[in-house]
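The values are calculated or read from the model by the stated rules, or taken from the named source; none is laboratory data. Source: prediction; values computed, not measured. Quick reminder, even Gly has a Cβ in these numbers, built from the backbone with ideal geometry, and neighbours come from all protein chains shown. To get the accessible areas, we keep the full protein, side chains included, count just its heavy atoms, and leave off ligands, DNA and RNA. Shrake-Rupley method; radii C 1.70, N 1.55, O 1.52, S 1.80 Å.
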Amino acid sequence: MPPRGHSSPRSRSDQRYAAAFLAPTLAILALVVFYPLATVLASSLRDANLLARAGGRFVGLGNFVRLLTLDEVFPTAVLNTVIFTASSVVGAFVVGFALALALSGRVPLRGFLRGIALIPWVIPGVIVALLTLYMFNGEVGIVNFTLRSLGLIRHFIPWFARERAALAALVVANVWNQTPFYFLMLLAGLQTQPEELVEAAKMDGAGVVLRFLNVTVPHLKGIIMIITALMVIWNFNNFDLIWATTQGGPVDATMTLSIYTYRQAFLSFQFGYSTAISVVWLLGLLAFSVFYIRVMEGSRRA
Amino acid sequence: MNRKAVAFLLLAASTGCGVAFAGGAAESSNGAVTLHFANWVSAEEATRKNIGDVIAAFQQQNPGVTVDNVAIPFDEMHQQLLIETAGGNPPEVMQLNGPWPAELGGLGALADLGKYADQAFLDDNWKGGLEAGTYNNVLYAVPFGLTPHGFWWNKKLFAQAGLDPNSPPATVDDLIQDIKVLKSKLPSDVYPIALDTTKIDYALTEFWPWILTYGGRPMYNGSYDFTTPEVRKAFQFLQTAAQNGWTPVGQQIKDERELMANGKVVMKLDGPYLVGILRSLNPNLAGQAFFDTFGVTTVPLGVGDTPVTLADIHQLGMSAQAKQPRVAWKLIQFLVSSEISVKEYQVPYGLIPSLKSTVAKYPDLYANPVAQAYIKSVIPSMIGGPYDPQYGAAGQFIIRGMQQVAVGGGDLDQTLKDITSNLQTLYGK
Amino acid sequence: MRRFDLDRRPAAKRALTGIVLALCLAFVFFPTFWMVSSSLKPNRDAFAVPPEWVPRRATVENYRSQLRDRGGFLTYAKNGFLVSIENAIVTVLVSIPAGYAFAHIPFRGKRAITVLIIASQMFPGVVIVISLFSLYRVLHLLDTYTGLVLAFTSFSLPFAVWMIRGFFETIPTEVDEAARVDGCNRLQILVRIGVPLVVPGLLAVGLFSFLNSWNNLIFALSLTTEQGMRTIPPGFLLTYVGEFQYKWGDMFAGSVLVTLPTVAIFIALQRFLVSGLVAGAVKG
């Protein structure tokens, strides 16, 4: 917390150092994020076209009113974004945590397996998208063949032509892609888990499950919260995977906010409107993170 | 404050202040001209060298002119042209596809090529080819190579199903009869026909000819009615095909080609470049074998006796901001008609030349059955698309409707009504 | 709970660990395996039915042709490595003082600036890129490494600041106090005492930044026009995703080729990384 007495020479010097230390970061962000952002934000109040962003009629909050009251796709896009984000984050968390637990103990070939587990994250995102398309192909995809030989399905599923299946396939691919991030962070967290705590819990007669819930999870809480916040923000922005596979279809089943924003700007040329969507999205995420930071700081103090 | 901290600040400030002392792009004063040619041809290793040769030849013929080759992936081209145009730095000459000339031209980004093209050049083009680049009576782009969709069928699979391998369906009714025979006689993983309903651009391009052949002309001449009997028939065909397993749903046009190369799809609409694609996917189709296996003709007739297809073609446009339009036009002409461009780019890429005189000049290059079918019947049947700056917005409603009837279990009439009302709102009718 | 007490059933515990590990590894490994397998198939077999688990006509031609492609694959890989490494260095250098300031210096407006920095990640890049393009044109930053590095920094930096702040928070403030008594100013404390203590963390943040640039498509594509400036994602799209077809074999071979060295570096650095990551995140 900043000191309230501004007059002390030390706090003044601190203030200056803080300014100097933050300056490079803020300068770069100002140049490549905030300045461009400021120039487009104004468009959200205009009926602006993509090729004439500053032009267009001034419509005040018209874009927002239309978006929130008339637009039938917007609620779908919000819902899909939330589903996509939540299931991706939860999925990556569960698989990443399981992998981290399994690979933190003594396992043969541990180093190698840890390396393998990181691969999905190193493959360029565009390739992940195309690999998804290839593996989930309804006619020749390996996913269908595998599911059928395991006896889980009888007929091939045309993944990208079924509304639920399409979203499910994308979530699975996304979880695969992002698991290494959770895996790595949680693996790191597990390394520092104090042995004494685990031993103490064992002495108390706590079983594996209890120990996990009472010792391991609280220990990792800090990491989990930070990574989760980042994952939520990143997944809201997930564009490459969905655009390269379904472009939001079939029938809006995979239409997320990022896809909808893109379509409005680059296919419909309604730049003002797409900026309005982005602004609503920004405000939503801001509210989420302010709330989240509160919760996080609260739990840290506790 | 500590001196190092001040230095930090100054460094940071200088980064931020860069905005202030910026100038315009440098123009060289000694008469040298640099043109940027944005295209998606030079992406692949094979054609990259070829288009490089074409550009080198142009530079040799035009001393003082430098052409910068700007390679952009096809799928990102539309977006990138928009970003560069919106950012005030568009390439002078750009390769364009299907609806883009009307979109970019309508938004004021393209130059009127009617000012530079002479009558002889225009007369040498096919009518449908020029239509595709015209919007509001302004010629925004000229054809680079002709690639309309024809109707392709697999003769061997026809024979296997007991159909005459050399008589493709002449009408849509024949087509449906043939589909039923193929479906019953061929293995269950072979689909009689491929209809793409996935990605917006590709799927629409492949579907328009069906709407057109049934006599539907929605979005042409200011009518946005998709509930007409003609349009309904096309959507009905799509729905029936998807529901009865005539077509592999969810397959993108690129996947359909793989399936076709492997004998899993019997018929589909596609461009003349299909020869090269199928050969690359199946080495057994080299040389004459291809023509023994596949044939191409006009889209089956849905109404009347004049076949029709969409002029989905590759085009060349010039930025409205081009500083040296005459030189840019020279480059466009060179790309369209020079011998080196024809031989190094158009033929290897599988395009039919846009100028009639090119065909006459190099008859050997176009003697194969596919080129002949294209020149004699498919190309004369093509008409321009209903393109305008709102087309991209409209396309999203149409594809949504196609997905609804094909895979979403949507009611046909309700879907067509929805498309119509959405388009009418969009176009302010 | 008693019934599930696995400590009393070591066999069950081992079996459970085994099954969980096997399932997760299968999930993670399966697509990787499929990519490698497909990279060894000629293009014609990409759509073979049924799919071939082990390529029948295995070939390394896909790999060979990538490594021969000087103007293409090799250029993209070189650009990708260079730009990503530069971005990692810039990000780390810039986020060190910022992270330190957040962790150890009390100043006014801390919370607001924290939110501002996180908020920079909440706007779709594709909307910003248009305006960024105009700015870059004016600044002559199009088609430059500097421009790309700056753009990539816009999304690796907020993350890095957050992480590095966590690392610095693991250093007790008493250390600062002691150093100040000895006459060190903030900068000296940072350089002489702070940085050496968080080296593993810097490595970790560097790797994250590296991968962020490595994977970026939209900025890499939009802010360069020359083929010689393309990084891996736009370069790969150029080469493997044509107008008419995908080149599956080449695409997967190229991906394996660029993935291997990075994973090898990861495995080598694993030890430092693991100890580095944790400090940053635990404290947050």
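For region B:286-307, filtering for residues that are over 23 Å from B:Ile379 (Cβ atoms) and either among the aliphatic types (A, V, I, L, M) or buried (at least 21 other Cβ atoms within 10 Å of the Cβ) (or both) leaves 2. Scanning region B:404-429 for residues that are small (Gly, Ala, Ser), over 20 Å from A:Gln264 (Cβ atoms) and open to solvent by 50 Å² or more (accessible area, probe 1.4 Å) yields a single hit, B:Gly409. For B:Gly401, the conditions (1) assigned by TED's automatic domain parsing to the domain that holds B:Asn62; (2) over 18 Å from the mean Cα position of the chain (by Cα); (3) crowded, with 24+ Cβ neighbours inside 10 Å; (4) not aromatic (Phe, Trp, Tyr) are fulfilled apart from (1). Any idea which residue in region B:52-73 is modelled with the lowest pLDDT, counting only those that are assigned to a helix (DSSP H, G or I) and away from chain C (no Cβ under 13 Å)? So, considering only residues that are assigned to a helix (DSSP H, G or I) and away from chain C (no Cβ under 13 Å), the one modelled with the lowest pLDDT is B:Asp53. Taking interchain pairs and intrachain pairs at least six residues apart, which have beta carbon atoms under 9 angstrom, with the first residue in region B:324-346 and assigned by TED's automatic domain parsing to the domain that holds B:Asn39 and in contact (Cβ under 8 Å) with a residue 60 or more places away in the chain and the second assigned to a helix (DSSP H, G or I) and open to solvent by 60 Å² or more (accessible area, probe 1.4 Å)? Between residues of region B:324-346 that are assigned by TED's automatic domain parsing to the domain that holds B:Asn39 and in contact (Cβ under 8 Å) with a residue 60 or more places away in the chain and residues that are assigned to a helix (DSSP H, G or I) and open to solvent by 60 Å² or more (accessible area, probe 1.4 Å), the close pairs are B:Pro325/B:Lys115; B:Trp329/B:Lys115; B:Lys330/B:Gln61; B:Phe334/B:Gln61; B:Ser338/B:Gln61; B:Glu344/B:Lys49. Among residues that are aliphatic (A, V, I, L, M) and either at the interface with chain A (Cβ under 7 Å from one of its Cβ atoms) or within 25 Å of the chain's Cα centre (by Cα) (or both), C:Ala112 is not included. Answer yes or no as to whether B:Pro386 is under 26 Å from B:Gln288 (Cβ atoms) and of a type outside the set (A, V, I, L, M). Against the criterion (under 26 Å from B:Gln288 (Cβ atoms) and of a type outside the set (A, V, I, L, M)), B:Pro386 does not qualify.
Selection of first residues in region A:154-173 that are more than 10 Å from chain B (Cβ to nearest Cβ) and of second residues that are open to solvent by 30 Å² or more (accessible area, probe 1.4 Å) and among the hydroxyl-bearing types (Ser, Thr, Tyr), restricted to Cβ pairs under 7 Å at least 6 apart or on distinct chains, gives the following pairs, ordered by first then second residue: A:Val171/A:Ser87.
Every test in (1) within 11 Å of another protein chain (Cβ to nearest Cβ); (2) in a helix (DSSP H, G or I) is passed by A:Asn137 save one, and that test is (2). Considering the conditions (1) in a helix (DSSP H, G or I); (2) open to solvent by 20 Å² or more (accessible area, probe 1.4 Å), C:Val54 is excluded by exactly one of them, (1).
Residues in region B:339-387 that are outside any helix (DSSP H, G or I) and more than 24 Å from B:Thr134 (Cβ to Cβ): B:Gly350, B:Tyr362, B:Ala367, B:Asn368.
Applying the criterion of being at pLDDT below 80 and open to solvent by less than 20 Å² (accessible area, probe 1.4 Å) to the residues of region A:207-227, the residue that is farthest from A:Tyr182 (Cα to Cα) is A:Gly207.
Considering only region A:161-169, I want to know if a residue exists there that is more than 28 Å from C:Leu211 (Cβ to Cβ), open to solvent by less than 10 Å² (accessible area, probe 1.4 Å) and touching a Ser or Thr at 6+ places or on another chain (Cβ under 9 Å). The answer is yes; a qualifying residue exists. Could you tell me whether region A:7-30 includes any residue that is more than 8 Å from every other protein chain (Cβ to nearest Cβ), open to solvent by 10 Å² or more (accessible area, probe 1.4 Å), touching a residue at least 60 places away in the same chain (Cβ under 8 Å) and over 30 Å from C:Leu23 (Cβ atoms)? For region A:7-30, residues more than 8 Å from every other protein chain (Cβ to nearest Cβ), open to solvent by 10 Å² or more (accessible area, probe 1.4 Å), touching a residue at least 60 places away in the same chain (Cβ under 8 Å) and over 30 Å from C:Leu23 (Cβ atoms): absent. Could you please let me know if A:Leu45 is more than 8 Å from every other protein chain (Cβ to nearest Cβ) and over 27 Å from the mean Cα position of the chain (by Cα)? Against the criterion (more than 8 Å from every other protein chain (Cβ to nearest Cβ) and over 27 Å from the mean Cα position of the chain (by Cα)), A:Leu45 qualifies. Each residue in region C:79-118 was checked for being among the basic types (Lys, Arg) and either touching a His at 6+ places or on another chain (Cβ under 6 Å) or part of a helix (DSSP H, G or I) (or both), and 2 of them qualify. Would you check which residues across region B:211-236 are modelled with pLDDT of 95 or more, among the polar types (S, T, N, Q) and within 24 Å of B:Thr134 (Cβ to Cβ) and list them? Matches in region B:211-236: B:Thr213 only. Between C:Ile171, C:Ile164, the distinction of being more than 10 Å from chain A (Cβ to nearest Cβ), under 15 Å from C:Ile105 (Cα atoms), assigned to a loop (DSSP other than H, G, I, E, B) and in contact (Cβ under 8 Å) with a residue 24 or more places away in the chain belongs to C:Ile171 only.
For (1) at positive phi; (2) open to solvent by less than 20 Å² (accessible area, probe 1.4 Å); (3) within 12 Å of chain C (Cβ to nearest Cβ), each residue gets a yes or a no:
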site: A:Val65; (1), (2), (3): no, no, no
site: A:Ala86; (1), (2), (3): no, no, no
site: A:Phe112; (1), (2), (3): no, no, yes
site: A:Leu130; (1), (2), (3): no, yes, yes
site: A:Phe145; (1), (2), (3): no, no, yes
site: A:Ser149; (1), (2), (3): no, no, yes
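In region A:185-302, counting only helices (runs of 4 or more DSSP H) that sit wholly within it, the ones holding 2 or more residues that are more than 7 Å from every other protein chain (Cβ to nearest Cβ), under 16 Å from the mean Cα position of the chain (by Cα) and over 29 Å from C:Ser131 (Cβ atoms) span A:217-236.
Pairs are defined by a Cβ separation below 7 Å, a sequence spacing of at least 6 or placement on different chains, a first member in region A:120-138 that is closer than 30 Å to B:Ala242 by Cβ, and a second member that is among the β-branched types (Val, Ile, Thr) and in a loop (DSSP other than H, G, I, E, B); the pairs so defined are A:Gly138/A:Ile157.
Just one of the numbered conditions (1) open to solvent by 20 Å² or more (accessible area, probe 1.4 Å); (2) more than 10 Å from chain B (Cβ to nearest Cβ) is not true of C:Gln227: (2). Restricting B:Gln315, B:Gln321, B:Gln252 to those that are surrounded by 19 or more Cβ atoms within 10 Å (Cβ to Cβ) and modelled with pLDDT under 95 reduces the list to B:Gln252.
Hey, among the residues in region B:336-355 that are touching a Leu at 6+ places or on another chain (Cβ under 6 Å) and closer than 21 Å to B:Gln119 by Cβ, which one's most open to solvent (accessible area, probe 1.4 Å)? Checking each candidate, the answer is B:Ser337.
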